[in-house]
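Inspection log for the structure reproduced underneath, given as structure tokens.
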């Protein structure tokens with residue numbers, strides 16, 4: 001009696017089967033051009049990495065390196081030129097908008113207020129993907145919004161008007177709206193932009209705790225070297241559309257490499273916890 005041999009599975013497939021891989025970015029590339037008959041204005045070369053539930057991945061690089069483009073590809077808002085991006089085994093760019101919003105929450109650099117809203121009303125917008133058409137929010141929706149505010153340490157802001165909040169307070173409420181979507185994957189584009197140091201650390205402390213407690217996979221675009229070093233489990237280092245390195249911060253933060261990418265003389269030291277710390281050299 002003959003049997004058909006089982007096809008060999010790739011490392012990505014085996015990791016997914018074992019429940020280890022939540023997000024898989026596989027040889028993804030992209031090209032943007034204002035005119036299809038002309039050369040691309042920007043190209044993101046083949047990029048790959050995997051992330052598990054509970055992990056924070058930092059996409060790091062200078063301006064115009066492709067960070068936001070890669071984040072949009074991961075979100076499914078852009079379709080890759082080649083390769084694929086899988087979230088729990090499903091390609092993100094072929095999900096319906098509703099399903100995508102149920103699984104992926106994207107916090108962009110700017111979240112303009114379309115109309116005056118209190119914090120709880122703003123957070124409740126995150127429930128739209130889970131609702132039925134032509135219906136008001138349910139008691140469950142209101143409770144989820146309330147819990148999301150509590151999760152980010154913003155319970156006391158519930159009845160405050162959004163335009164009255166400080167930068168740090170507003171960013172926490174925006175994060176709470178993303179949590180109200182109850183996603184598998186949290187994507188954040190420069191979430192600490194325009195925040196002071198205390199607000200930056202407070203926000204990333206919340207992200208670290210949420211990732212661990214709720215098993216979110218978190219991908220953060222940032223240009224903040226030391227914040228990425230302190231909070232990220234993995235770093236994806238980009239330069240001019242090329243993925244130079246992927247790995248833990250301790251392996252990526254090499255002085256020569258960072259000086260090449262950021263075009264600035266730097267020093268790199270390691271703390272007692274093994275995390276790298278970067279400083280700009282005096283006189284540079």
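The values are calculated or read from the model by the stated rules, or taken from the named source; none is laboratory data. A quick note: this is a predicted structure, and the numbers were derived from the prediction, not measured. Reconstructed Cβ throughout: ideal geometry from the backbone, glycine too, with neighbour counts over all protein chains shown.
Values as computed for the structure displayed
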| quantity | calculated |
| --- | --- |
| Residue that is nearest to residue 216 (Cα to Cα), among those in region 251-261 that are part of a helix (DSSP H, G or I), out of contact with any strand residue (DSSP E or B) (no Cβ under 6 Å at 6 or more places or on another chain) and touching a residue at least 12 places away in the same chain (Cβ under 8 Å) | 257 |
| Subset of region 36-50 (residues that are part of a strand (DSSP E or B) and surrounded by fewer than 23 Cβ atoms within 10 Å (Cβ to Cβ)) | 42, 43, 45, 46, 48, 49, 50 |
| Those helices (runs of 4 or more DSSP H) lying entirely in region 52-133 with at least 1 residues in contact with a helix residue (DSSP H, G or I) (Cβ under 6 Å, 6 or more places away or on another chain) | 97-103, 119-124 |
| Lone unmet requirement of (1) at pLDDT 95 or above; (2) more than 15 Å from the chain's Cα centre (by Cα) for residue 195 | (1) |
| Scan of region 262-278 for residues that are exposed (fewer than 12 other Cβ atoms within 10 Å of the Cβ) and either free of Cβ contacts under 8 Å to residues at least 60 places away in the same chain or touching a strand residue (DSSP E or B) at 6+ places or on another chain (Cβ under 6 Å) (or both), ordered by number | 269, 271, 272, 273, 274 |
